[in-house]
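Every read-out reported here was derived from the displayed coordinates using simple, explicitly stated rules and does not represent laboratory data. What you see is a predicted model, and the numbers here were worked out from it, not measured in a lab. Glycine also receives a Cβ, built like all others from the backbone with ideal geometry; neighbour counts cover every protein chain displayed.
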Amino acid sequence: MTAIQTQTASESIRKLAEKHPQGITPEIVLREASKKSSPLHDHFDWDDTVAAQRWRMEQAAGLIRKIRVTYDTSEGKTITVRAYVNVRDAEEGEEIDESSRGFYVAMGTAVSVESYRDQMLSACKRDAEAFERKYASLLEAAGVIEAIRRLK
């Protein structure tokens, strides 16, 4: 998706939000996007066979992400984490293709393979930055945001 397409989609959704001040829903956006003249139309897959297959792939990935494992740390704490982590393969020194879906490996594998661990740390940084952006306007989150900033 190009920056212009993203901007156009953003403007279209902003207009929908103005038209629906009580709040917009995915159904409202989809109804608008179903019109072939809508700037949102090309952001959706209208081939039902392809869309259904993509949805089933997303459901399968969701099942994998739901599986949890609980273990005790060396500090005596019990923590629960995802059992599998999505990673991408790359040869040493090779850039990782961020557009690829990747594959899931057990958490133990992810933390013990350096390139997978690096990917987890990068995801952690992205998640922390996203948390900062999303909750920056909440005074109640200031302590958490400050702690995140100290980790950088």
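Among the chymotrypsin sites (Phe, Trp or Tyr not before Pro) found in region 8-61, those both in a DSSP coil and sparsely packed, with 13 or fewer other Cβ atoms within 10 Å of their Cβ, are Phe44, Trp46. From the coordinates of this entry, semi-axes √(5λ) of the Cα gyration tensor in Å is computed, and it appears in [x] 36, 17, 16; [y] 34, 23, 17; [z] 27, 16, 14 under the label [y]. Report note on the peptides 62-75, 116-129: ranked by the mean count of other C-beta atoms within 10 Å, highest first, their order is 116-129, 62-75.
Taking the Cα-to-Cβ direction at Ser137 and at Ile24 and moving 7 Å from each Cα, how far apart do the two end points lie in nm? Reported label-point gap for Ser137 and Ile24 is 1.5 nm. Here's the list of lysines a cross-link from Lys125 could span, going by alpha-carbon distance under 17 Å and ignoring same-chain residues fewer than 8 apart: Lys134, Lys152. With the cut-off at under 20 Å, measuring from each backbone N in region 68-82 to a point 7 Å along the Cα-to-Cβ line of Ser112 picks out 68-75, 79-82.
Modelled spin-label separation between Val81 and Phe44, with each label point placed 7 Å from Cα along the Cα-to-Cβ direction: 3.9 nm. For the chain, the longest principal axis of the Cα atoms and the long axis of helix 142-151 meet at an angle of about 60 degrees.
What separates the Cα centres of region 12-91 and region 136-150 is a distance of 26 Å.
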